[in-house]
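The values are calculated or read from the model by the stated rules, or taken from the named source; none is laboratory data. Just so it is clear, the model here is predicted, and its values are computed rather than measured. All Cβ positions, even for glycine, are placed from backbone atoms using ideal geometry, and neighbour counts span all protein chains on display. Please note that ligands, DNA and RNA were not included when accessible areas were found on the heavy atoms of the full protein model with its side chains. Shrake-Rupley method; radii C 1.70, N 1.55, O 1.52, S 1.80 Å.
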Amino acid sequence: MKKLVMMIMLLGASSIFADDHTSSQTGYGMAFEFRATNPAAVAGSMRSFMATESGQNRLVGVSLVQNISNGTNMATHQINVLYPSPETMEANNARNAGSADWMRYMMTMRESIEPVGENLFTIEMAKLNEDLANTPGSVGMLTTFKVTDPGTFMKAFEKLMSSDTANNWPGDIYFGRVIGAGENEATHWINALSKDMATLLNANTAMMGSKDMAAYSKAVADSREVVSQSIQRVALAFPLASE
């Protein structure tokens, strides 16, 4: 079964969640996974499109993400797109359909990638300790899981998010639901972000050894099942001008 791999570094998150240290406003995202046969050409194609009129007038934040560790998933990269609302998704798709710039971009991308998959998800909670959105080089540890008892799970997770351990995380923590990902069993995800790999790994070790995490793990032991865990790094970031 293909693992769900999506990076919730999600450019535009800073505008959705504004200046709230912890927010629960909902955003929407799409992750387009692929194996890059020519990574340099992929990056060049994205930069070229973003410099066009269509790229400058887009309604969404976009990022190119490199998969560092993602198990058996064949995708080496993915493009993440953040939509503030379902209406924005529809409007952006309509704009792309009528854009010659977009068609040229798609044609050049096809020469450098092999599609692997795509998924749709929500972003429903964010703790922005450092607000790393739109920061190339940032690294995220993404955990996806299947929730069988939403009430029990959410009570425990909200308690963890309000704990000293979460407040001291050196970066940001995002949470959301999986809406559509094919055969993947995951229903929810958590992504913990830090400025670089060393910070992420050291912080994760500290969190795993904390009393807050021990209490959370015990509380959700029978209400959720981990599906996958992966690590990703943002290679390019194209936020909206207002971000």
Restricting attention to the range 57-66, does a residue exist that is among the charged types (D, E, K, R), in contact with a strand residue (DSSP E or B) (Cβ under 6 Å, 6 or more places away or on another chain) and closer than 21 Å to MET107 by Cα? no
Residue pairs, Cβ under 6 Å, 6 or more apart or interchain, first in the range 123-134 and closer than 22 Å to VAL178 by Cα and of a type in the set (Gly, Ala, Ser), second open to solvent by less than 20 Å² (accessible area, probe 1.4 Å) and outside any loop (DSSP other than H, G, I, E, B). List them. ALA126/SER23; ALA126/TYR174; ALA133/ALA13
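Each row is one residue, and each column tells you yes or no for (1) open to solvent by less than 40 Å² (accessible area, probe 1.4 Å); (2) among the small types (Gly, Ala, Ser); (3) closer than 29 Å to GLU124 by Cβ.
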site: PHE32; (1), (2), (3): no, no, yes
site: THR37; (1), (2), (3): no, no, no
site: VAL42; (1), (2), (3): yes, no, no
site: ALA51; (1), (2), (3): no, yes, no
site: GLN56; (1), (2), (3): no, no, no
site: VAL60; (1), (2), (3): yes, no, yes
site: GLN66; (1), (2), (3): no, no, yes
site: GLY71; (1), (2), (3): no, yes, yes
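This table checks each residue for (1) at pLDDT 90 or above; (2) open to solvent by less than 60 Å² (accessible area, probe 1.4 Å).
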{"site": "GLU114", "(1), (2)": "yes, no"}
{"site": "THR122", "(1), (2)": "yes, yes"}
{"site": "ASN134", "(1), (2)": "no, yes"}
{"site": "MET141", "(1), (2)": "yes, yes"}
{"site": "TRP169", "(1), (2)": "yes, yes"}
{"site": "ALA181", "(1), (2)": "no, yes"}
{"site": "ASN184", "(1), (2)": "no, yes"}
Got a sec? Which of SER54, SER112, SER45, SER99 is in contact (Cβ under 8 Å) with a residue 40 or more places away in the chain and in contact with a strand residue (DSSP E or B) (Cβ under 8 Å, 6 or more places away or on another chain)? SER112
